[in-house]
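Trainee: Let me begin by handing over the structure; questions about it come next.
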2 protein chains.
Amino acid sequence: MQKIRLGIVGYGNIGRGVAQAVRMNDDMELVGIFSRRDPASVKLDAADVGTPVYAAADAEKFQDDIDVMILCGGSATDLPEQGPAYAKLFNTVDSFDTHAKIPEYFPKVDAAAKEAGHLSLISCGWDPGLFSMMRILSGACLPQGEVYTFWGDGVSQGHSDAIRRVPGVRHAVQYTRPYPEALDAVRTGDCPNLTTRQKHYRECFVVAEDGADTDAIEQAIVTMPNYFDEYNTIVHFITMEELLRDHGTMPHGGFVFRSGKTDENNKAIVEFSLKLDSNPQFTASVLVTFARAVYRMAKEGNTGAVSVFDIPLRYLCTLSYEEQRAKLL
Amino acid sequence: MQKIRLGIVGYGNIGRGVAQAVRMNDDMELVGIFSRRDPASVKLDAADVGTPVYAAADAEKFQDDIDVMILCGGSATDLPEQGPAYAKLFNTVDSFDTHAKIPEYFPKVDAAAKEAGHLSLISCGWDPGLFSMMRILSGACLPQGEVYTFWGDGVSQGHSDAIRRVPGVRHAVQYTRPYPEALDAVRTGDCPNLTTRQKHYRECFVVAEDGADTDAIEQAIVTMPNYFDEYNTIVHFITMEELLRDHGTMPHGGFVFRSGKTDENNKAIVEFSLKLDSNPQFTASVLVTFARAVYRMAKEGNTGAVSVFDIPLRYLCTLSYEEQRAKLL
């Protein structure tokens, strides 16, 4: 069987996860990792040693060798530029996750992909991605109801970074955690109104610089606008040794609920949740799975930008369509 | 806006649910109910009074008036015949749920629908249906793992009927219930091997005939092959008054889990669950939602039989595709 040939742009957490996910899927192979750094300077993880590393500038030479390019850059500055640029050269999958900017990102990728005859899946992963699928599916099946999304327990990279910018902070890891009582309130089916403060709290593990004023650091964190001021926030000061030992992994997860009624009285609750030891590995696994769909749909002549809302599930699965119906329906 | 015009074949629990679901969706209207009984003899629920009832034999006269016909017959004997027959006349949606016979049902409906230029969605609802979607989606995203399906707490019609056939039984309702400890064992991510007996138990509320031997009835139930012998079964004898008062509704629900790993060590667990006050109403709501997709996909020229694996989620939702991406992605 001809394997699906994937490329990776960007060797950060997600790029490493894609390399790992390819190893979990027998029908995939990894052609190479493309980096804006000098390829010779990219230090591969032990498991990835042997994978060719190329300069991103040379990617266009690989158009005949790669079926789908997985764009693993960040949403803030990398993908707004890389998404349209790579869609001109390859079928692509990305995890663009700035929800508010999807309406401007989509048409740019769409135009580039259509002009070149490629297919580009944007905003894949678990949120946006699987959670988006649950929102649209459960919302359609229960048109009269409320949707709730919770995140955690898990490490928020953005919030951890924000703490690290506070003067006197050496290192920090921030966990977003849903209140169990808020989850249970939703599970009653009574469609509670929950404020931001009632849904999640934030727990921060901070390593202060020697002699730093920890009271001042704590105040700076808990009052930080947008990031912490609307939440109950717990700050723990720990040593660098403790942080590296106890907070070095990237777990995450979350919940999507749809709570509605099927007549005036009868309630119905749909609940979807993820519990992930490694957020980047699972995100990457979703990207690779949807790359299979992109490969197949592109072969059928589809072009332009698409989202997870446009992908029939049959394209995700390696079983024949007959086997899918016999075993999974 | 032109509404989507639906018809119902069969006015049982699901047919009643479809009539109710149409009232929850502004873009739908119900053209009529088709019955094999004399239309004059069909007694409509209060909420449905005013809906025209027609003889099933006259359905073909309504081909220009109905966009999608929802087939609400049973899977044992009605749908194997009605599925292909109605696919010749209409776009259809059905809830054929005899999992083992889907491979022979699908091609019959497919041939009939293709020949007539119609689109027919088979085996829709929540299992098969939403649960099937979760099995294929989570299985693809976690290729190395195990899938678990649990049903309940809920009333099983088939098992209730089986008890009612035991000599000395006047009436009975059977609940299928998952063991909470089995659910928790799956949630650990350790992929436990669970026997049939470890996953679910069965609780039966039975009204015995006057003077019947309740010990003999209980023995007949708990040892009944296929239905009860592989389960721990609890039998309660109650009065008809109690049964009608406390066990007259049709709740149901269940769980689909995918438990897998994203590398040698990191676990990931996907959990999807439903908690439904009314099993038939929610099932019907899913049928009506997918009828929207069938209507749209048929308009685009698609024909033949399809399953939920073939439906892009965008077709389920009344929002424009731009709004979907802006609000739900």
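Trainee: Being closer than 13 Å to residue B:203 by Cα and out of contact with any His (no Cβ under 7 Å at 6 or more places or on another chain) is the filter here; which residues of region B:230-241 pass it?
Mentor: Within region B:230-241, B:232, B:233, B:234, B:235, B:236, B:237, B:238 qualify.
Trainee: Now, a different point. If you go through region A:168-193 one residue at a time, how many are more than 19 Å from residue A:243 (Cα to Cα) and either buried (at least 16 other Cβ atoms within 10 Å of the Cβ) or within 14 Å of chain B (Cβ to nearest Cβ) (or both)?
Mentor: 12
Trainee: Restricting to region A:127-150, give me the number of residues that are away from chain B (no Cβ under 12 Å), within 30 Å of residue A:236 (Cβ to Cβ) and open to solvent by 10 Å² or more (accessible area, probe 1.4 Å).
Mentor: The qualifying residues number 1.
Trainee: Suppose we filter region A:4-42 for residues that are within 14 Å of chain B (Cβ to nearest Cβ), open to solvent by 40 Å² or more (accessible area, probe 1.4 Å) and assigned to a loop (DSSP other than H, G, I, E, B); how many remain?
Mentor: Residues in region A:4-42 being within 14 Å of chain B (Cβ to nearest Cβ), open to solvent by 40 Å² or more (accessible area, probe 1.4 Å) and assigned to a loop (DSSP other than H, G, I, E, B): 1 in total.
Trainee: Within region A:245-279, restricting attention to residues that are open to solvent by less than 20 Å² (accessible area, probe 1.4 Å) and more than 24 Å from residue B:186 (Cβ to Cβ), which residue is farthest from the other protein chains (Cβ to nearest Cβ)?
Mentor: Filtering region A:245-279 for residues that are open to solvent by less than 20 Å² (accessible area, probe 1.4 Å) and more than 24 Å from residue B:186 (Cβ to Cβ), the one farthest from the other protein chains (Cβ to nearest Cβ) comes out as A:260.
Trainee: Is it fair to say residue B:155 is β-branched (Val, Ile, Thr) and touching a Lys or Arg at 6+ places or on another chain (Cβ under 7 Å)?
Mentor: Here the answer is no, as residue B:155 does not meet what is asked.
Trainee: Would it be correct to say that residue A:275 is more than 23 Å from the chain's Cα centre (by Cα) and of a type outside the set (A, V, I, L, M, F, W, C)?
Mentor: Criteria not met by residue A:275.
Trainee: Looking at (1) outside any loop (DSSP other than H, G, I, E, B); (2) over 15 Å from residue A:153 (Cα atoms); (3) within 27 Å of the chain's Cα centre (by Cα), which is the only condition residue A:177 fails?
Mentor: (2)
Trainee: Given the structure, is residue B:51 assigned to a strand (DSSP E or B), among the polar types (S, T, N, Q) and touching a residue at least 12 places away in the same chain (Cβ under 8 Å)?
Mentor: No.
Trainee: Step by step: first the residues of region B:152-174, then only those that are assigned to a loop (DSSP other than H, G, I, E, B) and touching a strand residue (DSSP E or B) at 6+ places or on another chain (Cβ under 6 Å), then the one that is farthest from residue B:271 (Cα to Cα). Which residue is that?
Mentor: My answer is B:168.
Trainee: Another question, if that's okay. Check residue A:226 against each of (1) out of contact with any helix residue (DSSP H, G or I) (no Cβ under 7 Å at 6 or more places or on another chain); (2) more than 9 Å from chain B (Cβ to nearest Cβ); (3) modelled with pLDDT of 95 or more; (4) surrounded by fewer than 24 Cβ atoms within 10 Å (Cβ to Cβ) and name the one condition it does not meet.
Mentor: For residue A:226, the failing item is (3).
Trainee: Tell me which residues, restricted to region B:1-14, are closer than 23 Å to residue B:318 by Cα and not β-branched (Val, Ile, Thr).
Mentor: Passing the criteria: B:1, B:2, B:3, B:5, B:6, B:7.
Trainee: Follow-up question, since we're still on this one. Quick check on residue B:221: is it at pLDDT 95 or above, more than 10 Å from chain A (Cβ to nearest Cβ) and surrounded by 21 or more Cβ atoms within 10 Å (Cβ to Cβ)?
Mentor: yes
Trainee: Something else: Could you grab the pairs with beta carbons closer than 9 Å, sequence gap of 6+ or different chains, first residue in region A:180-202 and farther than 16 Å from residue A:261 by Cα, second one of a type in the set (Phe, Trp, Tyr) and open to solvent by 70 Å² or more (accessible area, probe 1.4 Å)?
Mentor: A:200/A:151; A:202/A:227
Trainee: I want to confirm something. Restricting to region A:151-166 and keeping residues that are away from every other protein chain (no Cβ under 14 Å) and open to solvent by less than 10 Å² (accessible area, probe 1.4 Å), which single residue is nearest to the chain's Cα centre (by Cα)?
Mentor: A:152
Trainee: For region B:282-327, give me the residue count where each residue is open to solvent by 30 Å² or more (accessible area, probe 1.4 Å) and facing chain A (nearest Cβ under 9 Å).
Mentor: The number of residues fulfilling the criteria is 8.
The values are calculated or read from the model by the stated rules, or taken from the named source; none is laboratory data. Note that the structure is predicted; figures quoted are calculated from it, not measured. Backbone-built Cβ (ideal geometry, glycine too); neighbour counts: all protein chains shown. What goes into the accessible areas is simple: the full protein's heavy atoms, side chains included, and nothing from ligands, DNA or RNA. Shrake-Rupley method; radii C 1.70, N 1.55, O 1.52, S 1.80 Å.
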